[in-house]
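Data first, discussion second: the structure below is written as structure tokens.
Each reported figure results from applying straightforward, stated rules to the coordinates on display, with no laboratory input. A quick note: this is a predicted structure, and the numbers were derived from the prediction, not measured. Reconstructed Cβ throughout: ideal geometry from the backbone, glycine too, with neighbour counts over all protein chains shown.
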């Protein structure tokens with residue numbers, strides 16, 4: 001769910017950046033960025049699942065492997081503060097990493113600016129301002 005919302009914002013951000021850079025094939029850049037974001041997020045979620053299953057099986061051993069797959073999901077891995085941090089990591093890491101990768105690709109191929117933190121996240125404030133403006137009724 002979070003990844004889908006972030007992907008919509010990434011598509012808007014890439015669209016505005018491509019329009020500002022006066023590229024001719026803006027929608028191709030938007031579609032490419034959305035597809036790249038989705039593919040990266042998909043693979044990172046799969047890696048997270050693999051990591052989670054390997055940690056669970058190493059902690060539980062043969063007793064864990066004997067449990068049916070449908071019943072494995074809530075064995076107590078996410079209890080306490082450490083569980084809270086694990087939960088945040090598994091939920092947010094794919095979206096954050098995919099966003100950072102798209103931001104890097106945006107600098108490299110769309111805006112062609114020098115790498116800096118200000119250029120990496122440039123245009124995000126303008127994107128949210130334009131979204132805010134779109135909700136105002138015309139007078």
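In terms of surrounding Cβ atoms within a 10 Å radius of their Cβ, 56, 106 rank from fewest to most as 56, 106.
Remark: spin-label model distance residue 116-residue 35 equals 3.4 nm, labels positioned 7 Å along the Cα→Cβ axis.
Would you please give the FRET efficiency between residue 20 and residue 105, computed as 1/(1 + (r/R0)^6) with r the Cβ-Cβ distance and R0 = 22 Å, to the nearest 0.05? Intermediate results must be reported in sequence, preceding the final value.
Working: r = 16 Å, r/R0 = 0.72.
Using R0 = 22 Å, I get an efficiency of 0.90.
Quote to one decimal, in nm, the extra length available between residue 135 and residue 85 on full extension: 0.36 nm per residue of separation minus the C-alpha distance between them. Each step should come with its number before you reach the end.
Values: separation 50, 0.36 × 50 = 18.00 nm, distance 3.56 nm.
Residue separation times 0.36 nm, minus the Cα-Cα distance, leaves 14.4 nm.
If you take the Cα centroid of segment 73-133 and the Cα centroid of segment 4-26, the two points sit 16 Å apart.
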